[in-house]
1. Which residue pairs have Cβ atoms under 6 Å apart, sit 6 or more places apart or on different chains, and have a first residue in segment 155-180 that is closer than 26 Å to residue 137 by Cβ and at pLDDT 95 or above and a second that is within 12 Å of the ligand (Cβ to nearest atom) and part of a strand (DSSP E or B)?
2. In segment 34-65, which residues are under 12 Å from the mean Cα position of the chain (by Cα), more than 16 Å from the ligand (Cβ to nearest atom) and part of a strand (DSSP E or B)?
3. How many residues, within segment 77-90, are in contact with a strand residue (DSSP E or B) (Cβ under 6 Å, 6 or more places away or on another chain) and farther than 19 Å from residue 205 by Cβ?
4. Report, by residue number, each residue of segment 160-191 that is more than 13 Å from the ligand (Cβ to nearest atom) and either in contact with a strand residue (DSSP E or B) (Cβ under 6 Å, 6 or more places away or on another chain) or part of a loop (DSSP other than H, G, I, E, B) (or both).
5. Go through segment 66-122 and give me each residue that's in a helix (DSSP H, G or I) and within 15 Å of the ligand (Cβ to nearest atom).
6. Look through 66, 51 and report the one residue that is over 18 Å from residue 86 (Cα atoms), in contact with a strand residue (DSSP E or B) (Cβ under 8 Å, 6 or more places away or on another chain) and surrounded by 20 or more Cβ atoms within 10 Å (Cβ to Cβ).
7. List pairs: first in segment 107-133 and over 29 Å from residue 155 (Cα atoms), second surrounded by 13 or more Cβ atoms within 10 Å (Cβ to Cβ), Cβ under 6 Å, 6+ apart or cross-chain?
8. For segment 143-159, how many residues meet the condition of being buried (at least 22 other Cβ atoms within 10 Å of the Cβ), more than 12 Å from the ligand (Cβ to nearest atom) and in a loop (DSSP other than H, G, I, E, B)?
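The values are calculated or read from the model by the stated rules, or taken from the named source; none is laboratory data. Only a predicted model underlies this, so the values are computations on that prediction, with no experimental measurement involved. Positions of Cβ are generated from backbone atoms using ideal geometry, with glycine treated the same way; all protein chains shown enter the neighbour counts.
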Ligand SMILES: [Zn+2]
């Protein structure tokens, strides 16, 4: 009799501890892969769906990760159309049967040797809310570094492309460089620095940061 109740207790303990463990690992994640830029995998809290942000080059590590976790790629997102952020669009669109999203302001970035990486779906010219599977994405247009630069806000995490870096900002080019830099700073102040302080920032290059840290420490914005 005693033995039987022990056994029931053990079974119940196993069931409860397993469900607890499942809950703790079941939160949204960001994985970073070093390609020509930072290529990110944002994984929804369901642990099943993910989006690829800025596939700058093929990454065997990313592919292994997707396979090992059995992830479904709900879409491929481009923060802007510079070669070091888009050069594996076609590869991942093909192997994951996924759509590619980019901003029409950068349409001229997808020509010549980058023509194969052209988005299958253009983002709106204005800020929008995008749903890819179960993943809710707020798209913020932040022109400056390029005219089609966007930030993707997903689950309180900002993927800032080459607009906002840890203690830096993206460079601008050309005759109207000063004007473009002012445009970029204005984009950061109005669209990014208005996000909650605790927002984690994952830039196109370099280490991650937060909105609060950049507000206080970024030399280009102070
Ligand atoms: Zn760039």
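1. Close Cβ pairs (under 6 Å, with a partner that is within 12 Å of the ligand (Cβ to nearest atom) and part of a strand (DSSP E or B)) amount to 160/203; 165/203.
2. Answer for segment 34-65, where residues must be under 12 Å from the mean Cα position of the chain (by Cα), more than 16 Å from the ligand (Cβ to nearest atom) and part of a strand (DSSP E or B): 41, 42, 43, 50, 51, 52.
3. Going through segment 77-90 one residue at a time, the tally reaches 0.
4. Pass one, segment 160-191, residues more than 13 Å from the ligand (Cβ to nearest atom): 166-167, 174-179, 181-183, 185-191.
166, 167, 174, 175, 176, 188, 191, listed by residue number.
5. Of all residues in segment 66-122, those in a helix (DSSP H, G or I) come to 66-68, 83-86, 89-95, 104-109, 112-117.
Within segment 66-122, 83, 84, 85, 86, 89, 105, 106, 108, 109, 114, 117 meet the criteria.
6. Of 66, 51, the one residue that is over 18 Å from residue 86 (Cα atoms), in contact with a strand residue (DSSP E or B) (Cβ under 8 Å, 6 or more places away or on another chain) and surrounded by 20 or more Cβ atoms within 10 Å (Cβ to Cβ) is 66.
7. As it stands, the answer is 116/90, since those pairs meet every condition given.
8. Result for segment 143-159: 0.
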